[in-house]
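What follows is calculated from the coordinates using simple rules that are stated; it is not laboratory data. Since the model is a prediction, treat every value here as computed from it, not as a measurement. Ideal geometry is used to build each Cβ from the backbone, glycine not excepted, and the neighbour counts take in all protein chains shown.
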Amino acid sequence: MGRWFRDRWPVTVGLIVVVAGTVVWIGWAYRLASAERSDALALLGIVLALLLGVPPLVAWLGQWRGPAARSVDALADLLAEAVSGQWRAVANERRLVIPEPIPLRWSLSDLAVTGPVTAALGTLGTPPAFPPLPDQARMTEADLHAGGGRTELHALYAGLASGRVVVVGAPGAGKSGAAILLLLDVLAHRDHLDNSQRVRIPVPVLLTAHGWNPITTSAQDWLAGRLAATYPMFAHRGGPAEAAALVAAHDKVALFLDGLDEMDEALRPAALQALADAPFRVVVLTRSQEMVQAASGGWLVGAVAVHLHDVAATEAADYLERARTGPPPSGWAQLLTCLRTHPDGVVARGLSTPLTLTLLRDTYQPGDDVRELLNPSRYPSPDAIEQRLIARVLPAAYTPRPGRPPPRYTEQQARQALTFIAQQMDTNRDLAWWHIPRWAPTIPRVLATGLAFELTAGLAFGLTAGLTAGLGGGEPQRIRLANWRVVFSRRRLGQVFAAGLTVGLTGGLIEGGTGEGSPLGPRGIWRNDQRAGLAGGLAFRLAFGLTVGLTVGLTFPETWATRLAWLQLRLAGRLPAVRLMTFLEDARERNVLHVVGPVYQFWHATLQDQLASQGTLDIPAEPAVSHVSQDPKRVSP
């Protein structure tokens, strides 16, 4: 309710302005007509006022009611379209689909994190909770023990009677990538079916566990709230109820939950128990060690746990060979030969995860020399190779390269800002810009907001006094009733038209950015929040005057508090001189951050962890790019 009111309160204020203006005009027109002894003129003024006031009222009522009632099947189709667009964009950015992705291999996990396999297969005498999805077979015990790849993972999800799958693996094992590919496979299968079959396939949504307290909030309520907060199709008065109905309907939504290992350790067992009671299919992605700890306090009943395998050396070499889209760096052929001829060597084991393969692919460019990784004295272990690849991310992103626009920020500026951000995020993977005010003391922002109010009030008073003195000569002006032409003067028409226009502008500014498509990104939400402040300022300007209007326009948006907090941190020396959204968008364009719905995330969670825990990374002495150096004179604009 709070978010809904925040998104629509300027419309309500605009309506109040229109109604108040209409009443005033009716009274004024009637008084004028009485003085002129003309009942016809009074009637005409009333009709004109109503004509100008009714259209905004009708528009406002339409926004209040929201869209016409939609069935859960129609909502599921709209959600599927939004989810597909969202994660296809992410898959393209992460190059998960093109070129052909890194091979995915899995098998049953031998960790003590689930109950017997028979419970998941529905062979204990109880009816299965979930029938196989259309055109998919029931999963058998032999199928589970056989394991497989991407196709078999989809078959496991679609045919497991319990509808509970846990994917475990070490950091960098590709759990998130596997979840995205599985989600896209489920949606592709759904799209290929006719209407009667499609409604039987739930729409998978991939969310992180951040912010969920399973002790106080059920899995159903949390999922419904996240849907309503993430997807614009639910951004209206009845949206939360629609999201709740979609979650409550049998097999219309499935939850892919990433980041269980990032929850508070005390909450993980409760989360597993809450998910066990959820009336929808569940896929949980988590690190192995954290899952073992969580399962010691209670496991996900009926779940099957599968473990992601390392990438074989020959598969890694094949992937790297087809993933190059330009001239390879020096030593590329030697590296591929080493992988194929020494499949059990240090280099092969160091490049055996999707994390290290993508880091190698993205951070070594023409002019770099990849043969450094073949030096056993410098990189004697797989961990040393991984650390070297992580250390290359920021130099590769912020080092000037011939033929490319120079970076907006130096590597030092980027490292300082990203280190501070990672430390504030801690284990949370989602960077929501509206949470940044939590990183700085509140009192300075309160004082700054009060100062802004005083400045705008003084400005408004000065302008008003100056205009009054210049026009009135210091003597109060006598107010007399105008003649009938004044009723239709440009000034009077403009006053009422402005009131109606406020409602139209407000509705357009607030609702114009809302649609049925993918969720707005962080920058889109930033801009919409600014528009909300502008619209609110316009409404309050007409209702309460320039002072209140300016103050509301400045201080209402969340962007105001975020800007002030960022400035506080810069003045305290904790951040370099970088502009918040400009810096975050630049980091996204350089593949340091990426967007997931309304939030940013570090492209590589391991980089976030390193920055958060160590402050700075241990970078080897040789530069990441040997043919060009950074320009120390370049600073942020």
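Considering only region 301-330, state which residues are β-branched (Val, Ile, Thr) and surrounded by 16 or more Cβ atoms within 10 Å (Cβ to Cβ). Even if it seems obvious, please write down each step before you answer.
Initial filter on region 301-330 (β-branched (Val, Ile, Thr)): 301, 304, 306, 311, 314, 325.
Matches in region 301-330: Val301, Val304, Val306, Val311.
Every residue, every condition in (1) under 29 Å from Arg190 (Cβ atoms); (2) more than 32 Å from the chain's Cα centre (by Cα), yes or no:
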position	(1), (2)
Ala254	yes, no
Phe280	yes, no
Gln289	no, no
Ala313	no, yes
Ala333	no, yes
Arg349	no, yes
Ser352	no, no
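Could you tell me which numbered condition Arg226 fails, if it satisfies all but one of (1) out of contact with any strand residue (DSSP E or B) (no Cβ under 6 Å at 6 or more places or on another chain); (2) assigned to a helix (DSSP H, G or I); (3) crowded, with 19+ Cβ neighbours inside 10 Å?
With (1) out of contact with any strand residue (DSSP E or B) (no Cβ under 6 Å at 6 or more places or on another chain); (2) assigned to a helix (DSSP H, G or I); (3) crowded, with 19+ Cβ neighbours inside 10 Å applied to Arg226, the lone miss is (1).
Restricting to region 94-116, what's the tally of residues that are more than 30 Å from Val595 (Cα to Cα), of a type in the set (A, V, I, L, M, F, W, C) and crowded, with 18+ Cβ neighbours inside 10 Å? Lay out the reasoning, then the answer.
Initial filter on region 94-116 (more than 30 Å from Val595 (Cα to Cα)): 107-116.
Now drop any that are not of a type in the set (A, V, I, L, M, F, W, C), which leaves 108, 111-113.
Adding the requirement that they be crowded, with 18+ Cβ neighbours inside 10 Å leaves 113.
Residues in region 94-116 being more than 30 Å from Val595 (Cα to Cα), of a type in the set (A, V, I, L, M, F, W, C) and crowded, with 18+ Cβ neighbours inside 10 Å: 1 in total.
Can you list residue pairs whose Cβ atoms sit under 8 Å apart, with the first residue in region 91-111 being free of Cβ contacts under 8 Å to residues at least 12 places away in the same chain and of a type in the set (Ser, Thr, Tyr) and the second being loosely packed, with under 15 Cβ neighbours inside 10 Å and not in a loop (DSSP other than H, G, I, E, B)? Count only pairs 6 or more apart in sequence or on different chains.
Taking only residues 6 or more apart or on different chains, not a single pair turns up.
Tell me, please, whether a residue that is over 30 Å from Lys252 (Cα atoms), touching a residue at least 12 places away in the same chain (Cβ under 8 Å) and either part of a loop (DSSP other than H, G, I, E, B) or among the β-branched types (Val, Ile, Thr) (or both) can be found in region 270-288. Full working, then the answer.
First, pick out the residues of region 270-288 that are over 30 Å from Lys252 (Cα atoms): none.
No, region 270-288 has no match at all.
Within region 587-604, can you find the residues that are within 11 Å of Ala397 (Cβ to Cβ) and surrounded by fewer than 21 Cβ atoms within 10 Å (Cβ to Cβ)? First the steps, then the outcome.
Within region 587-604, the first condition is being within 11 Å of Ala397 (Cβ to Cβ), and the residues that meet it are 587-593, 603.
Those that are within 11 Å of Ala397 (Cβ to Cβ) and surrounded by fewer than 21 Cβ atoms within 10 Å (Cβ to Cβ): Arg588, Glu589, Arg590, Asn591.
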